[in-house]
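Peer 1: Here it is, the structure, as structure tokens.
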Amino acid sequence: MSKFSLAPPPIVIVTGANGGVGYGICQRLLFQLCQLNSPDALPQPFASNVKSEERAPAGYKGVTLIMACRNKQRASAARTKLLDWFEKQRSTLRKLPNYDEDYASTFIANCNIHIHELDLTSVSSVLRFSAIIRETYPYVSHLLLNAGVASFERIDWIRFFKQVCSGPINAITVPTFYTQHIGEISVDNLGWVWQSNVFGHFVLFRELEDTLAKSPFESAKVIWCSSLEASSQFYNSNDWQLKTTDHSYEAAKYQIDLIANCLDLIALQPSKNGKVTRHFVGEPGVCSTSISKALASGLLDELKVLAFYIARLFGSPHHTILPWNAAVAFVHLVLAPLCFLPVFLNNNPSKPVRFGAQTGRWGDEYVGLTEVKEWDKHKEEGYDLIKKCDKLYESFMQAEATPKDI
């Protein structure tokens, strides 16, 4: 058995874990945790002030990974696929210089992967899921809010050629040439894209706040998934449920940037006593997933991926392309100690950070930092959004507590 003192097992929830970046996070997390001194836990270049004695735990006694998915059948298939994949990785792991057979065997024996049904477009589903988590698990150490939707409609080819002509790399990094459906409403009579990306996750965090506070680590972490496409350009604070905007995806991701960073700053206030839950924003770079299938499929999708590789060869750090690469920022946020994770870019309070998955020309992945756009201009809207979300959440809780007529 390893001579190292092992940390308690993390209990990690990943929403939208059955595909895309969520599935990549599950893969990468298991692969990293199976190693002593996980490479993804090491300080990145931006953590320049880290002292030699500051380090992540050498290893863990196990892990409980909760795959939270809307469709239980697809989640079950993804879990089976993940377990089969993980078993096949043992031969790869044994070749690594820091591999410890005794540790890996003990870790795997205490590795539990569970699936639970969660539909973020239904507050009732979020409340049921949260109740099950509270009753079943002693704590939650990490909550990865990865699931999300984009209501893409079609490519505006005229706008496509204009954006490509003005900057081809930018066009396939932060595209603005597609149209999106407008005014879609959820079963709770809320903006569908907004509830799927923002409010459903906000309610989930509030419901699990006490369970997160029981984490055995220095702090529980809530990791919100943003995007390079997050933009205030398409966000109108009067349309905070994004029912009328024609770019609801970009606006929802920008709201995530604001809400997550405001929640973290609230958590860091000196008046807070005891253990706090930290909030971080991760973004996966440009990854090829099924979220864009409504825009590009078949040959068009293959051409899109080819364009991503070409952009990377020309020096773009943002084209991660594969979910495994796209997951690096999220897994680093899970495993790295807080001292490795800056709150602001260059200690500038006007520049809160987002942790982005990036790659070199040949696909070597790493974590980079980007700043929240126009933070000083919109940060008060972030605090206001938290108040609005809390008020709406309380109204749903009151409705749930009201006896129904028989």
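The values are calculated or read from the model by the stated rules, or taken from the named source; none is laboratory data. Source: prediction; values computed, not measured. Note that we place each Cβ from the backbone using ideal geometry, even for glycine, and neighbour counts take in every protein chain shown. Just the protein is used for accessible areas: all its heavy atoms, side chains included, with ligands, DNA and RNA removed. Shrake-Rupley method; radii C 1.70, N 1.55, O 1.52, S 1.80 Å.
Peer 1: Does ALA41 qualify as being within 23 Å of the chain's Cα centre (by Cα) and within 15 Å of HIS114 (Cβ to Cβ)?
Peer 2: no
Peer 1: Can you name every residue in region 142-190 that is among the aromatic types (Phe, Trp, Tyr) and closer than 30 Å to PHE396 by Cβ?
Peer 2: Answer for region 142-190, where residues must be among the aromatic types (Phe, Trp, Tyr) and closer than 30 Å to PHE396 by Cβ: just PHE152.
Peer 1: Of the residues in region 117-143, how many are within 18 Å of GLY22 (Cα to Cα) and touching a Phe, Trp or Tyr at 6+ places or on another chain (Cβ under 6 Å)?
Peer 2: The total comes to 2.
Peer 1: Answer with yes or no whether ALA329 is at pLDDT below 90 and either open to solvent by less than 20 Å² (accessible area, probe 1.4 Å) or in a strand (DSSP E or B) (or both).
Peer 2: In short, no.
Peer 1: Go through (1) over 24 Å from SER219 (Cβ atoms); (2) of a type outside the set (Asp, Glu); (3) surrounded by fewer than 17 Cβ atoms within 10 Å (Cβ to Cβ) and name the single condition VAL123 misses.
Peer 2: Every condition holds for VAL123 apart from (3).
Peer 1: Here's a follow-up. Mind listing whichever residues of region 188-237 are of a type in the set (Phe, Trp, Tyr) and assigned to a loop (DSSP other than H, G, I, E, B)?
Peer 2: PHE217, TYR235
Peer 1: Shifting gears a bit: Among what's in region 355-406 and is small (Gly, Ala, Ser) and outside any loop (DSSP other than H, G, I, E, B), pick the residue that is modelled with the lowest pLDDT. Talk me through it step by step, then tell me what you get.
Peer 2: Here is the first cut: in region 355-406, the ones small (Gly, Ala, Ser) are 356-357, 360, 363, 368, 382, 395, 399, 401.
Filter again for outside any loop (DSSP other than H, G, I, E, B), leaving 356-357, 368, 382, 395, 399, 401.
Working: GLY356: 97, ALA357: 97, GLY368: 96, GLY382: 96, SER395: 96, ALA399: 87, ALA401: 80.
Result: ALA401.
Peer 1: Hey, can you tell me all the residues within region 146-171 that are crowded, with 20+ Cβ neighbours inside 10 Å and more than 17 Å from ALA251 (Cα to Cα)?
Peer 2: Correct list: ALA171 only.
Peer 1: Here's something else I'd like to know. Condition first: surrounded by fewer than 16 Cβ atoms within 10 Å (Cβ to Cβ) and either touching a strand residue (DSSP E or B) at 6+ places or on another chain (Cβ under 8 Å) or touching a residue at least 12 places away in the same chain (Cβ under 8 Å) (or both). Now tell me which residues in region 357-372 satisfy that.
Peer 2: Those that are surrounded by fewer than 16 Cβ atoms within 10 Å (Cβ to Cβ) and either touching a strand residue (DSSP E or B) at 6+ places or on another chain (Cβ under 8 Å) or touching a residue at least 12 places away in the same chain (Cβ under 8 Å) (or both): GLY360, ARG361, GLY363.
Matching residues to (1) under 26 Å from SER196 (Cα atoms); (2) touching a residue at least 24 places away in the same chain (Cβ under 8 Å); (3) surrounded by fewer than 18 Cβ atoms within 10 Å (Cβ to Cβ):
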site: LEU33; (1), (2), (3): no, yes, no
site: ASN37; (1), (2), (3): no, yes, yes
site: LEU83; (1), (2), (3): no, yes, yes
site: GLU117; (1), (2), (3): yes, yes, yes
site: ILE133; (1), (2), (3): yes, yes, no
site: SER141; (1), (2), (3): yes, yes, no
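Peer 1: Can you find, within region 241-261, the residue that is farthest from PHE177 (Cα to Cα) among those that are open to solvent by 10 Å² or more (accessible area, probe 1.4 Å) and of a type in the set (Val, Ile, Thr)?
Peer 2: Filtering region 241-261 for residues that are open to solvent by 10 Å² or more (accessible area, probe 1.4 Å) and of a type in the set (Val, Ile, Thr), the one farthest from PHE177 (Cα to Cα) comes out as THR244.
Peer 1: Continuing with the same structure: For region 7-18, name all the residues that are of a type outside the set (Val, Ile, Thr) and either open to solvent by 30 Å² or more (accessible area, probe 1.4 Å) or not in a loop (DSSP other than H, G, I, E, B) (or both).
Peer 2: Hits for region 7-18 are ALA7, PRO8, PRO9, ASN18.
Peer 1: In addition: Exactly one condition in (1) over 27 Å from PRO9 (Cβ atoms); (2) hydrophobic (A, V, I, L, M, F, W, C); (3) crowded, with 17+ Cβ neighbours inside 10 Å; (4) at pLDDT 95 or above is not met by VAL187; state its number.
Peer 2: It fails just one condition, (3).
Peer 1: Could you say whether any residue in region 119-142 is closer than 23 Å to GLY62 by Cβ, of a type outside the set (D, E, K, R), assigned to a loop (DSSP other than H, G, I, E, B) and touching a Cys at 6+ places or on another chain (Cβ under 9 Å)?
Peer 2: For region 119-142, residues closer than 23 Å to GLY62 by Cβ, of a type outside the set (D, E, K, R), assigned to a loop (DSSP other than H, G, I, E, B) and touching a Cys at 6+ places or on another chain (Cβ under 9 Å): absent.
Peer 1: Same structure, new question: Tell me yes or no: at least one residue of region 339-351 is surrounded by fewer than 21 Cβ atoms within 10 Å (Cβ to Cβ), under 22 Å from PHE46 (Cβ atoms), in contact with a helix residue (DSSP H, G or I) (Cβ under 8 Å, 6 or more places away or on another chain) and among the charged types (D, E, K, R).
Peer 2: For region 339-351, residues surrounded by fewer than 21 Cβ atoms within 10 Å (Cβ to Cβ), under 22 Å from PHE46 (Cβ atoms), in contact with a helix residue (DSSP H, G or I) (Cβ under 8 Å, 6 or more places away or on another chain) and among the charged types (D, E, K, R): present.
Peer 1: Looking at (1) out of contact with any helix residue (DSSP H, G or I) (no Cβ under 8 Å at 6 or more places or on another chain); (2) at pLDDT below 90, which is the one condition that is false for ALA75?
Peer 2: Checking ALA75 against (1) out of contact with any helix residue (DSSP H, G or I) (no Cβ under 8 Å at 6 or more places or on another chain); (2) at pLDDT below 90, the one that fails is (2).
Peer 1: For the subset of region 195-226 comprising residues that are more than 23 Å from ALA357 (Cα to Cα) and of a type in the set (Lys, Arg), which member is most open to solvent (accessible area, probe 1.4 Å)?
Peer 2: Here the residue is LYS214.
Peer 1: Mind counting the residues in region 290-317 that are hydroxyl-bearing (Ser, Thr, Tyr) and modelled with pLDDT under 80?
Peer 2: 3
Peer 1: Another question, then. Which residue, of LEU30, LEU42, is modelled with pLDDT under 95, closer than 20 Å to PHE330 by Cβ and among the hydrophobic types (A, V, I, L, M, F, W, C)?
Peer 2: Going through LEU30, LEU42 in turn, the sole match is LEU42.
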